[in-house]
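Remarks on the structure that follows.
The values are calculated or read from the model by the stated rules, or taken from the named source; none is laboratory data. Quick caveat, the model's predicted, so the values are computed rather than measured. Here the Cβ is made from the backbone with ideal geometry for all residues, glycine too, and neighbour counts use every protein chain on show.
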Amino acid sequence: MSIATDILPYIPQRPPFVMVQTLEHCDADGASTRFQIPDDHLFISEGVFKEPGLIENIAQTAAARIGYICSQENRPVPIGFIGAVQQLRIDRLPAVGEVLNTTISVKNQIFNATIVNGTVAVADTIIASCEMRIFIAE
């Protein structure tokens, strides 16, 4: 069961640059989202969702986590920036219509910097993963 079926209040991104649809889980340690890949998305080429979309999907899952937490605390949703992507592994590119199940877990958080481990799965198969450093603008 989704925590939020309208994710836009929790992320700073707006269409056509939205790569998450529902917030499935969220707590201090991590979050998970779902995203069904539309055929008209800007990161679609030759019927598949390209690498930048997968990276941004992980980043937006992290953004949804902090946005949801901030909204629960009656604070504004912050804007974040990808500072680094490390250990990126992409086993395959997902096709139009497939559903991405993305999970991030917080590895470390110091001041305005958060390091997360992210995984993207289709069904029960992980297709991409990375470690991401995200900075929150203050």
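Quick notes on this one:
- For beta carbons closer than 6 Å, sequence separation of 6+ or different chains, a first residue in the stretch 8-34 that is under 11 Å from Tyr68 (Cα atoms) and a second that is of a type in the set (Val, Ile, Thr) and buried (at least 19 other Cβ atoms within 10 Å of the Cβ), the qualifying pairs are Leu23/Ile7; Leu23/Thr33; Ala31/Thr61; Ala31/Ile104.
- Condition check for Pro15: under 19 Å from Arg133 (Cα atoms), surrounded by fewer than 17 Cβ atoms within 10 Å (Cβ to Cβ) and of a type outside the set (D, E, K, R): no
- The residue list Thr102, Thr114 contains one member that is in contact with a Ser or Thr (Cβ under 6 Å, 6 or more places away or on another chain) and either touching a residue at least 24 places away in the same chain (Cβ under 8 Å) or loosely packed, with under 14 Cβ neighbours inside 10 Å (or both), which is Thr102.
- Filter result for the condition that a residue is surrounded by fewer than 16 Cβ atoms within 10 Å (Cβ to Cβ), among the acidic types (Asp, Glu), under 15 Å from the mean Cα position of the chain (by Cα) and modelled with pLDDT of 95 or more, over Glu51, Glu46: Glu51
- Only one of the numbered conditions (1) under 12 Å from the mean Cα position of the chain (by Cα); (2) buried (at least 18 other Cβ atoms within 10 Å of the Cβ) is not met by Arg34, and that is (2).
- Summed over the stretch 5-34, the residues that are in contact with a helix residue (DSSP H, G or I) (Cβ under 9 Å, 6 or more places away or on another chain), charged (D, E, K, R) and outside any loop (DSSP other than H, G, I, E, B) give a count of 1.
- The set of residues from the stretch 35-55 being touching a residue at least 60 places away in the same chain (Cβ under 8 Å) and farther than 15 Å from Gln21 by Cα comprises just one member, Ile55.
- Note on the stretch 77-111: residues that are touching a Phe, Trp or Tyr at 6+ places or on another chain (Cβ under 6 Å) and under 15 Å from Arg34 (Cα atoms) amount to 2.
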